[in-house]
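To start, the structure itself, in structure tokens.
Each value in this text was obtained by applying a stated rule to the coordinates, not by laboratory testing. Given the structure is predicted, the values throughout are model-derived calculations rather than measurements. We place every Cβ from the backbone using ideal geometry, glycine too, and count neighbours over all the protein chains shown.
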There are 2 protein chains.
Amino acid sequence: MEDYEVTVPLQSLQALGCHVDAVSPKKKAGDICPTAVHDFEGDQTYSEKPGHNFILTASYEGLDASSYDALVIPGGRAPEYLALDETVIALVKEFMQSRKPVASICHGQQILAAAGVLKGRKCTAYPTVKLNVVLGGATWLEPDPIDRCYTDENLVTGAAWPGHPEFVSQLMALLGIQVSF
Amino acid sequence: MEDYEVTVPLQSLQALGCHVDAVSPKKKAGDICPTAVHDFEGDQTYSEKPGHNFILTASYEGLDASSYDALVIPGGRAPEYLALDETVIALVKEFMQSRKPVASICHGQQILAAAGVLKGRKCTAYPTVKLNVVLGGATWLEPDPIDRCYTDENLVTGAAWPGHPEFVSQLMALLGIQVSF
């Protein structure tokens, strides 16, 4: 998964006082997931460098999805692989069918497409993921500028990590988190 | 600077609706600063890998510090160098003398020590920066566990990026930002 895309939403929500668990199939609390730094360095698509080693906070096996208020799906190259995991698909379906907030960024929408939950929905994604999204039955919303995110009912989608401020803010709104100065 | 330590506070605060500018001496809006991924991979001190290229949002020259409510100093290896820059020292002194919130993490406290603003203050830092902090006249607060941060009047300090949730939360408190669910 992309380094910023897993840690910025996690730590942003934790700073607000939310309890957030990070999980991955076949892994348990304390296990490490390597991350990737995806960046835009003048080439025709993103570059990749090794990122931080991300430490999972909870175990995947036995996870009780009904005890969580929302699901966040980071991007990177992991979603292409995770989209093949039937337990991930079942988890996504459960959140979408219960209409709980689901926030997915970048390549995370490959998992939504694989789960068949995009039919009739409006969403964006990393531009090269448009094919998955459209074949999955969604109406494509152009991420223009690239940091623009969209909310469609319970679903927040963004194109890449520059969109985190809108991404987290729109998820906060769905969760009913209000900020005052 | 450390990759997480510049982007997590920036995007977390932006998600709350704050206007945040990122600057660096001799650089202007749109310029790139390379970042470093500092991680804890079982060696006796942290490892370093190249991170995202961070794009500055504002120009350093002509910056009006009085128009900002707070200062955030990320860690990494940049502070060792920036602590030699007289304009950076002056900027830090201005924020500390005005008692505006200053949040500094990891090696960022090297700049505070160089600015002479730690005398009589209580703070933490990355453990190997303890020498700078103590020689700078501060009382050392042990970051135990490593994600623990401390607030001493207008000053928030933390040891490293695992502390971001507390770091951002304590800065929010100093800024009078309240969250309700």
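Ignoring the sites themselves, chain A has its longest run without GluC sites (Glu not before Pro) in a DSSP loop having at most 13 other Cβ atoms within 10 Å at A:62-152.
Summing +1 for each Lys or Arg and -1 for each Asp or Glu among the other residues whose beta-carbon sits under 15 angstrom from that of A:LEU141 gives -2.
In this assembly of identical copies, the label point of B:TRP140 (Cα plus 7 Å along Cα-to-Cβ) is separated from its counterparts by 5.8 nm, sorted shortest first. Net charge of the neighbourhood of B:ALA70, taken over other residues with C-beta under 14 Å away and scored Lys/Arg +1, Asp/Glu -1, is -2.
For B:GLY51, the residues whose amide H sits under 5 Å from its own are B:THR35, B:ALA36, B:VAL37, ignoring neighbours fewer than 5 places away on the same chain, with H placed 1.01 Å from N.
Here each label is just a point 7 Å from Cα along the line to Cβ, and for B:ASP152 and B:VAL179 those points are 2.6 nm apart.
What fraction, in whole percent, of alpha-carbon pairs in segment A:3-174 exceed 28 Å separation?
Distances greater than 28 Å cover 15 percent of the Cα pairs.
Of all the options B:LYS28, B:LYS122, B:LYS49, the one that moves most in a Gaussian network model of chain B with Cα springs shorter than 10 angstrom is B:LYS49.
Cβ under 9 Å from A:HIS38's Cβ, A:HIS38 left aside: what net charge do those residues give with Lys, Arg +1 and Asp, Glu -1? With Lys, Arg at +1 and Asp, Glu at -1, the net is -3. Computed over Cα pairs, the Kirkwood radius of segment A:70-127 leads via Stokes-Einstein (0.890 mPa s, 25 °C) to a diffusion coefficient of 219 µm² per second.
Highest GNM mean-square fluctuation among A:ALA125, A:ALA70, A:ALA160, for chain A modelled with Cα contacts below 10 Å: A:ALA70.
Beyond 29 Å between alpha-carbons counts as too far, so tell me which of A:LYS27/B:LYS130; B:LYS27/B:LYS100; B:LYS26/B:LYS93 fall in that bin.
Numbers: A:LYS27/B:LYS130 36 Å; B:LYS27/B:LYS100 24 Å; B:LYS26/B:LYS93 19 Å.
Listed pairs above 29 Å: A:LYS27/B:LYS130.
Put one equal scatterer on each alpha carbon of the protein assembly as shown, apply the Debye formula with no solvent term, and list log10 I(q)/I(0) at q = 0.14, 0.15 1/Å to two decimals. So the normalised log intensities are -1.17, -1.31. A Stokes-Einstein calculation at 10 °C with viscosity 1.306 mPa s, built on the Kirkwood radius of segment A:110-177 over Cα pairs, returns a diffusion coefficient of 134 µm²/s. In plain terms, the residue of A:ASP147, A:ASP69, B:ASP144, A:ASP39 with the fewest other Cβ atoms within 10 Å comes first and the most crowded comes last, giving B:ASP144, A:ASP69, A:ASP147, A:ASP39. Centre-to-centre, using Cα atoms only, segment A:16-66 and segment B:93-141 are separated by 32 Å.
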